[in-house]
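Notes for the one structure printed next.
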Amino acid sequence: MEENKKTIIALKKAHSHLGNIIRMVEDGEYCIDIIQQNLAVIGLLKSANGRVLEGHLNSCFAAAMRGTNERRKKEMIAEILAINKLSE
């Protein structure tokens with residue numbers, strides 16, 4: 001449950017920062033300042049994504065791998081590989 005709290009905090013921070021970035025662009029603020037804020041949001045989202053993935057691997061994925069349903073195991077592995085490609 002603690003990891004969920006950390007994930008929610010990171011997502012809320014990213015959401016708040018994104019609003020600030022939109023305002024910065026609308027106000028014509030300095031490009032490098034906007035880029036730095038964008039990178040901060042990307043970092044927060046990556047952190048939240050990592051936490052969600054870790055939770056998935058430790059719960060859903062681990063349970064599927066302990067099970068006997070070979071089709072489900074292959075599906076779970078394919079999902080992880082697809083997510084990995086998206087994050088490249």
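Every number here is computed from the coordinates shown, using simple stated rules; none is lab data. Fair warning: this is a prediction, and the values are worked out from it, not measured in the lab. Don't worry about glycine lacking a Cβ; one is built from the backbone with ideal geometry, like all the others, and counts go over all protein chains shown.
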Qualifying residue in segment 37-46 (condition: of a type in the set (V, I, T) and touching a Ser or Thr at 6+ places or on another chain (Cβ under 9 Å)): no
Filter result for R51 (surrounded by 13 or more Cβ atoms within 10 Å (Cβ to Cβ), of a type in the set (K, R), in a helix (DSSP H, G or I) and in contact (Cβ under 8 Å) with a residue 12 or more places away in the chain): yes
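Given the structure, is E79 in a loop (DSSP other than H, G, I, E, B), surrounded by 13 or more Cβ atoms within 10 Å (Cβ to Cβ) and in contact with a helix residue (DSSP H, G or I) (Cβ under 9 Å, 6 or more places away or on another chain)? Let's see the steps before the verdict.
Numbers: in a loop (DSSP other than H, G, I, E, B): no; surrounded by 13 or more Cβ atoms within 10 Å (Cβ to Cβ): yes; in contact with a helix residue (DSSP H, G or I) (Cβ under 9 Å, 6 or more places away or on another chain): yes.
Taking the combined requirement at face value, the residue does not satisfy it.
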Residues satisfying the stated conditions in segment 1-48, i.e. among the β-branched types (V, I, T) and either touching a helix residue (DSSP H, G or I) at 6+ places or on another chain (Cβ under 7 Å) or outside any helix (DSSP H, G or I) (or both): T7, I21, V25, I34, V41
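So that you can scan it fast, the table gives a plain yes or no per residue for (1) surrounded by 11 or more Cβ atoms within 10 Å (Cβ to Cβ); (2) touching an Asp or Glu at 6+ places or on another chain (Cβ under 8 Å); (3) more than 18 Å from L86 (Cβ to Cβ):
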| position | (1), (2), (3) |
| --- | --- |
| E3 | yes, yes, yes |
| I9 | yes, no, yes |
| K12 | yes, no, yes |
| N20 | yes, no, yes |
| E26 | no, no, yes |
| Q36 | yes, no, yes |
| S47 | yes, no, no |
| N58 | yes, no, yes |
